[in-house]
Each structure stands twice: as C-alpha cells, then as structure tokens.
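All remarks here apply to the structure that follows.
Readers should treat all values here as calculations from the given coordinates under stated rules, not as data from a laboratory. None of these values were measured; they are calculated from a predicted model. Methodologically, a virtual Cβ is constructed for each residue, glycine included, from the backbone with ideal geometry; neighbour enumeration extends over all protein chains shown.
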Amino acid sequence: MTIRLSIATILLALGGLCVRAGVPCPSGGQVTEFLLEVEPAEGGEKLPITLVHRIPKGAKLHYHPGMDQKSKGEVALLVVPPGQTELIVLEGKPDNRHAVWTLPVQAELIGLVYGARGFDEAKVKSFVSKQPELLAQLAGYAEKTTLTERLLEDVREGPGTFAATLQGLAGRQGNTAWNKSAPMDQQTAALFMTLNPTLGSFDPLTATTESKIRQSTSLAASIGSMFFGSTFGLGAGGANLVLNLRSMAFPDTEFRSAFAQMDKLKGYTLCGKKDAQKQHTKLAYLWMSRVDNEEAPAISLTQPSHHLLMKEIAIPIAGDPIAPSQIRGVRQWWLASDAGTKIPVTVSPGADGKDIRLKIPNAKVPPGNYRLGGNFDWQTLKVPGEVVLHAVPSLKNAHLSSSSAMRLVAGKGTVPVEMEGADFRFVERIRMRNGVDPLAPPIDLAFQQKQGKLNVTLDTQSLVAGKYALDLTQPGGVIAQVPFAVLTPGPKPSIGAPRFSPSGPLALELHDGEIAMQRPFSLVLPVKGVGSDSSLELRCDSAPEKVAKPGEMKTPGLRFSMLSDNEWFVTADPKTLGVTGCKLQAAVIDGNSGRSIPTELGMLVSLPEVDKFELSEEKTDTSLFVGTLWGTELERIERTGWDQNSGIAVMQLPAPDANGKQSLKVALPWPAPSPHAPLYVWLRGESAPRRTSARL
C-alpha cells in the first residue's frame with residue numbers, strides 16, 4: 001500500500017523531530033570551536049556576532065578559542081563595509097589565545113579565516129582593485145552561509161520556523177528549473193525533494209525514537225551538503241571565491257568553505273570538509289557572516305489581548321503581518337509583570353504573520369497583566385499593548401437564562417438559547433448530550449459570545465421532552481456541563497395572587513406592594529400545573545436569582561413547603577434577595593411543563609426604626625412643643641404630624657448616642673387631636689406619610 005503525505009504533514013513531522021543527537025556538524029566535520037563576540041565602542045555587554053544586527057565603526061570584536069584548542073595556527077578577520085566598496089583584512093592573531101580587533105569601519109560582512117598564515121595586506125588591496133567581482137562573491141557567500149545556518153537552526157526549532165525559512169529560500173532560488181509561478185506549497189515540495197532525495201523512504205509515523213533521530217539527522221546532513229555544493233548550490237560561487245583568495249593573499253593555501261553551528265554554552269562549532277589536503281599546501285577555512293543592519297522590529301499587540309495560562313498562546317498583532325526575520329532578530333524575549341518580574345518566553349511568528357506564538361516555561365506563572373519585551377542588540381524592546389493572562393475560569397455556575405429555559409419545548413423547532421453566570425470568553429467547543437437517549441452521539445453546536453454571555457441555537461424539532469446537557473470545553477480539555485430540560489408541549493405552570501402572612505410589628509407602616517427589609521416574611525403562593533419535580537425561583541431585578549426545592553435548606557434565606565398540590569408556603573429573608581428599591585418576582589419551574597410567567601411580590605424597602613417617642617413641655621418660637629424620637633435611620637424623616645394632612649419640618653438632623661442609636665428633635669402642636677393619637681412621619685423623597693407605632 002502506498003501512503004501519500006502532504007508537504008505540510010512532512011514539514012510538521014520533520015520539524016518536530018529536532019536534531020538532538022548531539023552531532024555538532026551534520027555535514028563535513030568539526031574543524032574547531034570558537035566564540036566571536038561584539039563589544040560596543042563605548043563598552044558594554046559582549047554579544048555573539050550572529051545575534052548582532054549592527055556593528056558600528058569602533059566596535060571591538062573578541063575572538064575566544066575553544067576549551068581544548070591546542071593548535072598553533074592563525075585567525076584573521078575580513079571586513080566589508082556597507083555598499084561593498086572595499087575589503088579590509090585585519091591582522092592575523094594566534095588561534096589559541098584571546099584576540100581583539102577594533103573595526104575601522106561599520107561592517108556589513110564579517111569573515112573569519114581560520115588556519116591561514118602569511119597573508120599580505122598590501123597585496124590584498126592591490127588585488128581587490130583589479131578583481132572587483134571578489135566583493136560580490138564574498139557577499140553571496142556570506143548570504144548562503146547565513147541561510148544554511150538558519151535552516152539547520154530551524155530544523156532543531158520546529159515546523160513553523162523551518163517551513164517559513166524554507167519557503168523564503170524557495171522564492172530566492174534562480175535555477176532555471178525552478179517554477180516560480182507554481183503555488184508556494186508546490187515550490188516548497190520541489191525544493192524539499194531536491195534537498196532530501198531520500199524522502200521517498202522517510203516515514204514520519206515511525207514509532208521508535210532512534211529512527212526519528214536518524215531521519216532528522218539525515219535531513220540536517222542534506223542541508224549541510226547543499227552548502228558545500230548541490231543542485232541549488234548554496235555554495236554557488238564559492239569555487240571562484242576560493243581561487244581568488246588563494247592567489248590574492250594566501251599563497252600555497254587550500255581554502256575550504258565552512259559554516260558554523262552555535263551552542264549557547266560552547267559558542268560556535270566550525271564545520272567544513274575534512275578530506276585529505278594536497279601536499280605542501282596549507283589548509284584554511286573561510287566562514288562568512290552577513291550583518292543585516294536592521295532596525296528593531298516595530299511590533300504592537302491587538303487590544304485587548306486576553307489569554308489563558310497555557311504552555312503556548314497565540315497573540316494577534318496590529319498592523320502589517322510580521323516576518324520571521326523580525327522575530328528572530330530579538331535575541332531574548334520576556335513577559336514583564338506590573339511588579340517588574342520578568343518571565344523568559346520563546347517567541348515565534350504565526351503561519352500567516354498576523355500573530356506571534358509565545359511558549360511559556362513550565363515554571364508556575366501567576367495570572368495578571370504583563371508587557372512583552374526583549375533585547376535587540378544593546379537596546380531594550382518594549383512591545384506596545386498589554387497581555388492579560390487568566391487562569392481557566394470556573395463554569396460551575398453557568399446556566400441557561402430563565403427566558404431561554406422557558407422556550408425549550410419539544411417539537412418547537414429552532415430556539416435561541418442564552419447562557420449566563422460565568423466567564424465564557426475561552427470556551428472553544430460546545431456539544432449537546434442527550435440524557436433521554438444515552439446512546440445518541442453528542443452534537444457539536446455553533447456558538448457566539450456577546451456581552452459576557454454565550455449564545456447557541458438548539459433545534460428541538462426532533463427532541464423529546466426530558467433532560468439534556470451542554471458540554472462546554474475550554475483549552476486544555478477542561479469540560480463543564482450545563483444541564484437543561486426540553487419541556488413537554490402544553491399549558492405552563494402558573495402562580496395566583498400571593499397572600500402574605502402577618503409580619504411582626506413595624507415601627508412604620510408599609511404601603512401597598514412593599515416588603516420590609518428588616519425581617520423575614522412568609523406568604524402562601526397558589527400554584528397550578530406543577531408536579532413533584534418543581535422548584536421556586538425568586539429574583540429581585542438584576543440580583544442573582546434564588547432557587548429552592550420543597551423542604552430543601554440548601555439556599556440561604558429561602559425555604560418553602562407544599563401545603564397541597566395547589567399551595568406553597570414560602571419563608572424568605574429579604575436581605576439575601578436584593579437591595580432596597582428592587583422589585584421581587586417569583587416563578588415556579590416544573591421539570592416537564594416549564595417555567596411560569598413571573599409574578600411580582602413587591603418592592604423591597606428599608607424603613608427607619610422608632611423605639612420611643614416623648615413630647616416635652618418645652619415650646620418653640622412658633623408655640624409648638626418639642627418632642628424627641630429615639631431609633632435608627634432617623635435621618636430619613638423629613639416631617640412629623642398628628643394626621644395625614646399637615647406635617648411640620650423636623651428641627652435638626654439626628655444626634656447619635658452611646659448605644660449606636662439616634663435621637664431626633666421634632667416640633668408638634670398640643671394638644672393632640674385625640675388621646676393616644678398615632679404619630680405620622682414623612683420620609684425624604686416620599687409624598688405620602690406613614691403612620692408609626694409611636695403614641696403619647
């Protein structure tokens with residue numbers, strides 16, 4: 001049987017293998033180990049040369065030999081300034097000791113000649129003036145060296161960066177056999193097949209680690225071999241370059257191409273061909289690096305940027321798509337918290353350049369607000385925009401809105417449903433489970449998030465009445481279940497006029513339709529169309545609803561029992577239901593017939609408490625007598641009087657006493673209209689008075 005794999009599948013498999021076999025040179029052999037660092041002219045941190053984007057005049061280049069370097073050869077530097085106007089050869093140094101060169105010009109190309117001796121700087125300048133094509137050859141060689149090293153690095157990093165660089169290479173090849181008009185995936189496939197002719201035997205599904213390492217190492221070796229010469233010739237032009245150099249400044253020297261592999265701990269490993277050299281000929285390796293002279297990338301994040309704390313997250317960017325080279329140019333990335341803590345991260349470009357991928361380390365990262373930053377050469381890059389990291393939200397309180405639950409009737413057809421009660425912004429998938437038929441497969445549902453709620457559409461046409469559930473999946477496979485019921489078609493349950501039981505004495509009378517916040521109340525609800533699987537819901541405007549079943553004590557402040565099939569006795573504490581001024585409604589929910597139309601019970605009000613009232617013999621300027629009220633919330637009283645028609649303004653604001661109570665001075669006429677006449681008070685903002693329990 002023949003297995004055909006798409007190029008995307010092959011890239012994904014190969015990129016994920018990552019060459020980790022510990023072989024420093026995938027092609028050729030190891031020549032030496034060294035470190036070449038750049039120090040700014042004004043001093044500062046030394047950076048590896050391949051991580052620097054601009055090397056100005058006056059910068060110092062530091063050469064460090066490998067740990068086991070015992071040879072007695074030499075190293076020399078070649079420098080080409082921007083515009084490729086001249087080639088400068090800096091003096092040779094022993095290859096087994098630390099050496100420093102100060103650049104006389106800004107560098108566009110830097111070359112390292114390893115193992116060379118006896119070059120003549122004057123002869124170099126003379127030859128360059130006669131061979132101007134040498135500079136172009138050096139530039140091309142540096143570009144191909146950089147590209148080879150980048151491809152090898154990308155094989156280790158993974159499929160995203162590897163594919164991006166490979167496609168970039170495909171678009172730059174000038175071979176006449178290359179079809180630039182073909183789709184990019186075909187161009188990539190053609191290049192890939194040339195790059196690795198043994199791909200026909202490649203098995204990305206191999207089960208053994210040994211086979212994976214062997215195959216990925218083979219890919220890296222093919223890339224290295226291309227540098228030394230192949231169909232597309234990454235080393236094209238290298239032959240003429242080597243001949244020119246040998247005759248120009250390094251007589252009796254055999255030059256060989258070389259590329260470097262960087263290790264963060266060891267520095268650079270120089271790789272080159274290790275076959276036998278000619279007699280009486282010295283051996284030298286040439287490594288070139290191009291300095292791109294790029295500016296720091298201008299990246300800004302789309303706002304707001306909220307993400308779950310995952311190992312890898314994709315962050316949208318604002319503006320034009322970003323190129324892989326812009327991301328690669330930042331040598332170190334981090335997330336900085338508001339407190340200044342920096343968390344190292346790995347950043348790579350998305351496939352279309354419209355987002356960036358952040359890999360967060362395994363260390364525990366607290367949720368919070370962060371800023372993305374990095375190091376670009378010797379400057380700090382601060383990316384505009386905030387990254388907000390969240391823990392996985394709990395969906396245990398998610399539920400269908402009351403109105404949505406009422407609409408779910410068997411055979412009704414397409415019904416819009418709204419979920420509320422939780423943070424739904426990270427929900428990735430919703431599936432409906434059939435509780436009536438456990439063998440029925442789950443159904444995926446389209447959904448939309450809007451204003452903190454989650455909207456889905458359910459088709460009840462083929463559903464029978466019963467219990468169902470919605471599975472809400474968040475990143476990481478976290479699933480929460482939201483139960484709901486499909487109702488039987490027929491009459492809905494209903495509530496008749498509530499009958500309130502007499503409450504305890506209040507200092508101030510209640511108006512019609514009011515419920516005092518001070519103490520619990522009891523009432524009898526006439527109900528119809530309810531069965532044993534029923535519950536009571538109390539809601540006060542936008543406050544969270546309270547739901548209870550008969551006899552249950554699970555809901556604080558709410559309890560009810562069934563006096564008969566048609567009457568429920570309810571006891572509730574208003575303080576747990578809402579705030580002053582909200583309108584309390586009741587609804588009954590039946591597991592089969594649905595939810596009743598809400599019935600308004602009354603508006604919650606908070607009234608002053610009057611504990612005592614006394615009238616003194618002290619007169620005011622208007623021949624009224626001074627009285628005193630003791631209690632709480634007395635500042636709400638604006639006027640007092642002996643009847644409902646005439647009220648007299650209070651004399652002053654209440655004064656507190658040592659017991660946490662208040663006293664309020666009032667003015668009243670004498671005598672009262674009748675013995676033991678009740679006192680009336682007008683509350684601020686109310687036009688009608690309230691009778692109090694205060695008597696003389």
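Would you give the gap between the C-alpha center of region 584-640 and the C-alpha center of region 312-375, rounded to a whole Å?
59 Å
Among the aspartates and glutamates, select those whose C-alpha is under 16 Å from the C-alpha of K93, and discard any that sit fewer than 8 residues away in the same chain.
In chain and number order, the partners are E33, E37, E74, D120, E121.
Taking R0 as 51 Å, what FRET efficiency do you get between H390 and A688 from their Cβ-Cβ distance, rounded to the nearest 0.05? Mind dumping the intermediate values first?
Details: r = 51 Å, r/R0 = 1.00.
Plugging the Cβ-Cβ distance into 1/(1 + (r/R0)^6) gives 0.50.
Say each of S522 and A672 gets a label point 7 Å from the Cα, pointing the same way as Cα to Cβ; how far apart are those two points in nm?
Using points 7 Å along Cα→Cβ, the separation is 3.1 nm.
What's the long-distance tail for region 296-379, i.e. % of Cα pairs beyond 23 Å? Don't skip to the end; give the middle numbers.
Details: 571 of 3486 pairs.
The proportion of pairs with Cα distances above 23 Å equals 16 percent.
Taking the highest mean first, how do the peptides 501-513, 72-84, 103-115 order by number of other beta carbon atoms within 10 angstrom per residue? Walk me through the numbers before you get to the answer.
Working: 501-513: 13.2, 72-84: 18.2, 103-115: 21.2.
Packing proxy ranking, top to bottom: 103-115, 72-84, 501-513.
Which whole-Hz couplings ³J(HN,Hα) result when phi for each residue of region 420-431 is put into the Karplus expression 6.51 cos²θ - 1.76 cosθ + 1.60, θ = phi - 60°, listed in order with x for Gly and Pro?
Calculated HN-Hα couplings, in order: 8, x, 7, 8, 9, 5, 9, 5, 9, 8, 10, 10 Hz.
Pairs to check: K60/K359; K467/K546; K273/K359. Give those whose C-alpha atoms are more than 28 Å from each other in this structure. Working shown, then result.
Values: K60/K359 34 Å; K467/K546 21 Å; K273/K359 37 Å.
Checking Cα-Cα distances, K60/K359; K273/K359 exceed 28 Å.
Reachable aspartates and glutamates from K665, Cα under 17 Å, same-chain residues fewer than 8 places away excluded?
E609, D611, E614, E617, E618, D621, E633, E635, E638, D657
Given N residues in region 399-486, what is its alpha carbon radius of gyration divided by 2.2 N^0.38 Å?
1.02
Quick one: 3J(HN,Hα) in Hz for region 25-32, Karplus 6.51/-1.76/1.60 with θ = phi - 60°, rounded, Gly and Pro as x.
10, x, 9, x, x, 6, 8, 6
In straight Cα distance, which aspartates and glutamates are under 19 Å from K364, not counting same-chain residues fewer than 8 positions off?
E312, D338
Scaled to the compact-protein estimate 2.2 N^0.38 Å, what is the alpha-carbon radius of gyration of region 532-690, rounded to two decimal places? Each step should come with its number before you reach the end.
Values: Rg = 22.2 Å, N = 159, 2.2 N^0.38 = 15.1 Å.
Scaled against compact globular proteins, the figure is 1.47.
What are the ³J(HN,Hα) couplings of region 300-312, residue after residue, when phi is run through the Karplus curve with 6.51, -1.76, 1.60 and θ = phi - 60°? Round to Hz, x for glycine and proline.
So the J values, rounded to whole Hz, are 9, 9, 5, 10, x, 10, 9, 8, 7, 6, 10, 5, 9.
Tell me, in nm to one decimal, what length is gained between A276 and S606 on full extension, where the rule is 0.36 nm per residue of separation less the Cα-Cα distance? Mind dumping the intermediate values first?
Numbers: separation 330, 0.36 × 330 = 118.80 nm, distance 10.03 nm.
Gain on stretching A276 to S606: 108.8 nm.
Could you list which residues have their amide H under 5 Å from that of T620, counting only those 5 or more apart in sequence or on another chain, with H placed in the peptide plane?
Amide H to amide H, under 5 Å and 5 or more residues apart or across chains, T620 pairs with F625, V626.
Work out the FRET efficiency for Q303 and N397 from their Cβ-Cβ distance, taking R0 = 25 Å, and round it to the nearest 0.05.
The pair Q303/N397 has a calculated efficiency of 0.30.
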